[in-house]
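No lab work stands behind these numbers, since they all come straight from the coordinates. In this text the structure is predicted, and so the values were computed from the model without any measurement. With ideal geometry, Cβ positions are generated from the backbone for all residues, glycine too; neighbour counts draw on all protein chains shown.
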Amino acid sequence: MSGYNGNIDNRVKIDGSTVIPDHITALRNQNFTRDDGNPYVWPKDIVPYRIYVGKKGKLEDGSDAPEDDFLARNGLKFGQLYGFAIDMSETGPTGGVWRDEWHKTAVNGDLVPGKMIAQEWRWDGEVKNFEHDGKF
């Protein structure tokens, strides 16, 4: 799973000016289409809490792995990625307030109900850059 899709600052300095390199998201939009028809944007602060649940002893396609395959032996080649989703509407559990603002008034024991939802992405054995890494 890509670890660079969260809160990273993608601004760069070019000739002393700070710019946001939109070429990465432009490349992504050339390769993928979102289900809702909107273009992809740089994923800052939009990646949910994620967890990967792997099955030990399996290759990327679910077949049995050789015993000496370290990644497969530890469940890192075949599994499912899940993302935590909550209702962010005004009537949702946070009243429409995003993470950082909600935490300013939260007290120990406060909970935000949500669901862990299986993501479409699966490891296929090939490391890909953001513009080619489908469904992120």
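Numbers for the structure displayed
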| read-out | value |
| --- | --- |
| Environment charge at Asp69 (Cβ cut-off 15 Å; Lys +1, Arg +1, Asp -1, Glu -1) | 0 |
| Computed label-point distance, nm, for sites Ala106 and Gln30 using a 7 Å Cα→Cβ extension | 4.0 nm |
| Spin-label model distance (nm) - Val127 vs Phe70, 7 Å beyond Cα toward Cβ | 1.3 nm |
| Pairwise Cα inverse-distance average, inverted: Kirkwood Rh of region 23-102 (Å) | 16.0 Å |
| Ranked Tyr49, Tyr40, criterion: other C-beta atoms within 10 Å, fewest first | Tyr49, Tyr40 |
